[in-house]
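What follows is a set of notes on a single structure, which appears directly below.
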Amino acid sequence: MTPHANTTTFPQNKLNSSRWVKRHQGILSLHKQNNASPDVILMGDSIMQQWEQAGSKVLQHWSRKLIIHNLGFAGDKIQHALWRVLNGQLDNITPRLLLLNIGTNNVFDNTAEEIAAGVQYLVHQIQCKLPDTQIMVYRLFPRGKKDSIERQIGTEASRLYSSLTANSLIDYIDINLVFSDHQDVIPLDIMHDQLHLTPKGYSLWLNQLQPYFEQCIQYQSR
């Protein structure tokens, strides 16, 4: 890797973390054990993983109707999700829908252009694994204060990779308005640390997701 290489497009693991390895192996085992392919994949960092904690009650109704596999890993950057995609986490499954929210952990290490390139490359690799799956790529959720560098980089990176929607199986989703007030401030009852969602935040997110979940159920009944 050259000194100026974009780290987001080079797959990187966390095999030195026992917690990360255990979760990765658990997902591989889950895919093998399940007789039916998941309907929905949640892929990303802690914001996705915490559907299992802060968002669990919110998602409970849909978890009874759909097979939802959570591939969110706390602390992951784009390059870590890329490694997971290339090392079995999407093998031998045919989900109807994949939700992708990744990149917020790159904002202190990478430029907006690098983050956008990383997301685009990751989506390409996902499509190679799941050519018939609808992929919902989220605008990076707001974080920190409205004038913070991390908010600015996330906004610009998202604008750059929003062009992914040229593909009919990719939707660029922007729901950021529901997470901030009219002054662009993130209320603490939505993101308790201006980064991670509260149960109320996940409920707001689910309001946007419900039509997509309904479509998955309609597809099941065909």
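The values are calculated or read from the model by the stated rules, or taken from the named source; none is laboratory data. Treat the numbers as computed from the prediction; the structure is a model and nothing was measured. Heads up, the Cβs are rebuilt from the backbone with ideal geometry, glycines too, and the neighbour counts pull from every protein chain shown. Just the protein is used for accessible areas: all its heavy atoms, side chains included, with ligands, DNA and RNA removed. Shrake-Rupley method; radii C 1.70, N 1.55, O 1.52, S 1.80 Å.
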Next on the checklist: So the check is Cβ under 6 Å with 6+ separation or different chains; which pairs have a first residue in region 105-123 that's modelled with pLDDT of 95 or more and a second one that's of a type in the set (Asp, Glu)?
Outcome noted: 105/45; 107/150; 112/156
Checklist entry - Failed condition for residue 49, given (1) free of Cβ contacts under 8 Å to residues at least 60 places away in the same chain; (2) in contact with an Asp or Glu (Cβ under 9 Å, 6 or more places away or on another chain); (3) over 29 Å from residue 110 (Cα atoms); (4) not hydrophobic (A, V, I, L, M, F, W, C), with all others met? => result (3)
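Considering only helices (runs of 4 or more DSSP H) fully contained in region 105-222, which possess at least 3 residues that are in contact with an Asp or Glu (Cβ under 9 Å, 6 or more places away or on another chain) and surrounded by fewer than 19 Cβ atoms within 10 Å (Cβ to Cβ)? Working first, answer last.
Working: elements: 112-129, 149-161, 199-220.
Helices (runs of 4 or more DSSP H) meeting the threshold: 199-220.
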Item to check | Every residue from region 185-222 that is modelled with pLDDT under 95 and either of a type in the set (Lys, Arg) or over 23 Å from residue 171 (Cβ atoms) (or both) | outcome: 222
Checklist entry - When region 64-103 is examined, which residues are found to be open to solvent by 10 Å² or more (accessible area, probe 1.4 Å), touching a residue at least 24 places away in the same chain (Cβ under 8 Å) and within 22 Å of residue 209 (Cα to Cα)? => result 65, 67, 68, 70, 74, 93, 94, 96
Checklist outcome for this item: Output for Cβ contacts, cut-off 6 Å, separation at least six or different chains, first residue within 20 Å of residue 110 (Cβ to Cβ) in region 7-25, second of a type in the set (Asp, Glu), reads 8/114
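Kindly indicate whether residue 50 is outside any strand (DSSP E or B), over 15 Å from residue 125 (Cα atoms), polar (S, T, N, Q) and under 12 Å from the mean Cα position of the chain (by Cα).
Details: outside any strand (DSSP E or B): yes; over 15 Å from residue 125 (Cα atoms): yes; polar (S, T, N, Q): yes; under 12 Å from the mean Cα position of the chain (by Cα): yes.
So residue 50 passes the test.
For (1) in contact with a helix residue (DSSP H, G or I) (Cβ under 9 Å, 6 or more places away or on another chain); (2) on the phi < 0 side of the Ramachandran plot; (3) acidic (Asp, Glu); (4) in contact (Cβ under 8 Å) with a residue 40 or more places away in the chain, each residue gets a yes or a no:
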position: 125; (1), (2), (3), (4): yes, yes, no, yes
position: 131; (1), (2), (3), (4): no, yes, no, no
position: 135; (1), (2), (3), (4): yes, yes, no, no
position: 151; (1), (2), (3), (4): no, yes, no, no
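Counting only residues that are outside any loop (DSSP other than H, G, I, E, B) and closer than 18 Å to residue 199 by Cβ, how many does region 53-76 have? Walk me through it before giving the result.
Step one: of region 53-76, the residues outside any loop (DSSP other than H, G, I, E, B) are 56-63, 68-72.
Those left that are additionally closer than 18 Å to residue 199 by Cβ: 56-63, 68, 70, 72.
Number satisfying all stated conditions: 11.
Quick one: in region 1-41, which of the residues that are in a helix (DSSP H, G or I) and of a type in the set (Lys, Arg) is nearest to residue 132 (Cα to Cα)? Don't jump to the end; show me each part of the working.
At the first step, the residues of region 1-41 found to be in a helix (DSSP H, G or I) are 7-9, 18-33.
Add one more test, that the residue is of a type in the set (Lys, Arg), and what stays is 19, 22-23, 32.
Working: 19: 32, 22: 29, 23: 26, 32: 20 Å.
Applying the filter and picking the extreme gives 32.
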